[in-house]
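The values are calculated or read from the model by the stated rules, or taken from the named source; none is laboratory data. Note that the structure is predicted; figures quoted are calculated from it, not measured. Because the Cβ atoms are built from the backbone with ideal geometry, glycine has one as well, and the counts that use them run over all protein chains shown.
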Amino acid sequence: MDPWWKSAVVYQIYPRSFADSNGDGIGDLRGIIKHLDYLAGLGVDVIWLSPIYPSPQDDNGYDISDYQNIDPLFGDLDDFDELLAGIHRRGMKLIMDLVVNHSSDEHSWFLGSRSDRAHPKRDWYWWRPAREGMAPGTPGAEPTNWTAAFGGSAWEFDEETGEYYLHLFSRKQPDLNWENAEVRHAIYAMMRWWLDRGVDGFRMDVINLISKDTTLPEGRVSSTTVFPDNSAGYVNGPRVHEFLQEMHERVFAGRDALLTVGEMPGVTIEEAIRFTDPRRREVDMVFQFDHVWTDRGDDPWQLLPFRLTNLKAILGRWQAGLAEGGWNSLYWNNHDQPRAVSRYGDDSPDYRVASAKMLGTVLHLHRGTPYVYQGEELGMTNYPFTTIADFRDIESLGQYAEAIEKEGRTPEEVLTVLRARSRDNARTPMQWNSSAQAGFTTGEPWLPANPNHVRINAAAQQDDPDSVYHYYRRLIELRHTEPAVVHGDFTMLLPHDERIYAFSRRLGTTELLIIGNFTDRTVRADIGDAAAWSSAELLLTNLPTLPADLTMAPWQAAIYRRTLTR
């Protein structure tokens, strides 16, 4: 029997921006509890919570200072237990976001590690001396040329002990040394603690970065990857499979109905098959990035025009690559990506609803487990940022400063890209209703609500049977009731068409045809047996006008089903 999570739909909550129960402007656990019926009504199976652990919030919780508690911003362990019980009572599961490539520099482990070179936890992190022949702390004396994802060197000089520590992200996120068995065992014990509490699994942040090449080789210089200078030194490192297999044995073996998701920047299809092959016992599915980097070129401050053929080539390659083994996560949005309807669709008043539904149709009918990011089911859009002062994201602020100060870019040049790409687009408050602050808080929100919440909000859409919300309910229900959606094979159609995204799914004698028009023009899907498909059962379409002869109105989607004779 196939695992339950293959037919599941996951809903990601970014707690800081979901719902605030106490008026401090920051979302919390009791706010989530208040909206559990909303999530159950949508039909999702799994809730994924972005980090809620104690944290200095340098990277909005992805810098953890205590792995076995709840940050007071969000509540306490009693609130968490109530939330978990409420999720389980409604037939859903909960997975925690786990960040164990790095911790906060305020974690007790790191405080000990940096206090003295002889401290027992010194080797729990990556400490190295300055380059040979160079004075510690001077420009260019860093142990390698590695750069951090948020800008600058990946090495931070510590004056107290006279050495550098590695941080692939913020300087306040030192990398843990997984070569040290004590580190691994402490992490495994913490994970078992959460599972014993009733958690149903983990989404593991940048988990394929945990193994570093211990020689710390100098990196190549390129601007085409998220880690431009040094990815060969740690992406899918030499012991990563060994570590994940050990984690499975020490944490997950013997426990039923769990879900493990590995976020893996830079992972290849070949590696993804290895990571998710159930016989290898590593993770259940991967979170990869290829399709959300289609608008990035050699110049990071240039927005490439969207090309549907590029998107189809990437998604089609992953569908084919994982057809016989492995499993993929399907997503347009998450807390690190701009809003899909603004990126791939049309967020204008004329076409926002249609294009949001169309994007959902195309995504959810692929092979893999779909993820819905909070507000995606409403067709929420990017925020109208005007100046750099509007941003809160550490990545956006760091990249802006580096581009202006070191690269000589103009502010408007950089802002144009940040408006389209910044992670803050995904982090504006959930739009619950048309009242002040979108019903998210009674106070001042940590990030302003999108002004369009007066017309784009959950309350209005729950009352409207033709809304994006109710369309997502139907998509989720289809996954639960039509086996071909989950188990059918995948065939890409019209791979060179820049207007139409079309593919088929087949299981036994059942075949589905999925068509999405990615334009604001009427387009016919010119597939080989169009006439036969035109008379097939139309399972779902996103517009009141039915497609005739596979002719699709602007941003229209359609799902057809037919029974084949053997």
Hey, PRO465 part of a loop (DSSP other than H, G, I, E, B) and modelled with pLDDT under 95 or not
no
Scan the stretch 151-185 residue by residue and report those that are without any contact (Cβ under 8 Å) to a residue 40 or more places away in the chain and either assigned to a helix (DSSP H, G or I) or within 27 Å of the chain's Cα centre (by Cα) (or both).
SER153, TRP155, ALA181
Among all residue pairs at least 6 apart or on different chains, which show Cβ distances below 8 Å where the first residue, located in the stretch 34-49, is modelled with pLDDT under 95 and crowded, with 17+ Cβ neighbours inside 10 Å and the second is among the hydrophobic types (A, V, I, L, M, F, W, C) and part of a loop (DSSP other than H, G, I, E, B)?
none
Flag if LEU546 is in contact with an Asp or Glu (Cβ under 6 Å, 6 or more places away or on another chain), modelled with pLDDT under 95, among the hydrophobic types (A, V, I, L, M, F, W, C) and exposed (fewer than 13 other Cβ atoms within 10 Å of the Cβ)
no
Every residue in the stretch 100-131 that is of a type outside the set (Gly, Ala, Ser), part of a loop (DSSP other than H, G, I, E, B) and touching a strand residue (DSSP E or B) at 6+ places or on another chain (Cβ under 8 Å), please.
VAL100, ASN101, ARG114, ARG117, TRP126, PRO129
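Test SER115 against the stated conditions and say whether it is crowded, with 21+ Cβ neighbours inside 10 Å, among the hydroxyl-bearing types (Ser, Thr, Tyr) and closer than 27 Å to VAL183 by Cβ.
Details: crowded, with 21+ Cβ neighbours inside 10 Å: no; among the hydroxyl-bearing types (Ser, Thr, Tyr): yes; closer than 27 Å to VAL183 by Cβ: yes.
Against the criterion (crowded, with 21+ Cβ neighbours inside 10 Å, among the hydroxyl-bearing types (Ser, Thr, Tyr) and closer than 27 Å to VAL183 by Cβ), SER115 does not qualify.
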Contacts under 8 angstrom Cβ, first residue in the stretch 454-479 being over 22 Å from ALA19 (Cα atoms), partner basic (Lys, Arg) and buried (at least 21 other Cβ atoms within 10 Å of the Cβ), 6 or more apart:
TYR471/LYS357
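Using the structure shown, decide if LEU29 is more than 20 Å from the chain's Cα centre (by Cα), more than 17 Å from VAL100 (Cα to Cα), modelled with pLDDT of 95 or more and not charged (D, E, K, R). Steps first, please.
Numbers: more than 20 Å from the chain's Cα centre (by Cα): yes; more than 17 Å from VAL100 (Cα to Cα): yes; modelled with pLDDT of 95 or more: yes; not charged (D, E, K, R): yes.
So LEU29 passes the test.
Rundown of residues vs (1) acidic (Asp, Glu); (2) surrounded by fewer than 20 Cβ atoms within 10 Å (Cβ to Cβ), yes/no style:
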{"position": "GLU249", "(1), (2)": "yes, yes"}
{"position": "GLY297", "(1), (2)": "no, yes"}
{"position": "TRP301", "(1), (2)": "no, yes"}
{"position": "ARG307", "(1), (2)": "no, yes"}
{"position": "ALA313", "(1), (2)": "no, yes"}
{"position": "ARG343", "(1), (2)": "no, no"}
{"position": "MET358", "(1), (2)": "no, no"}
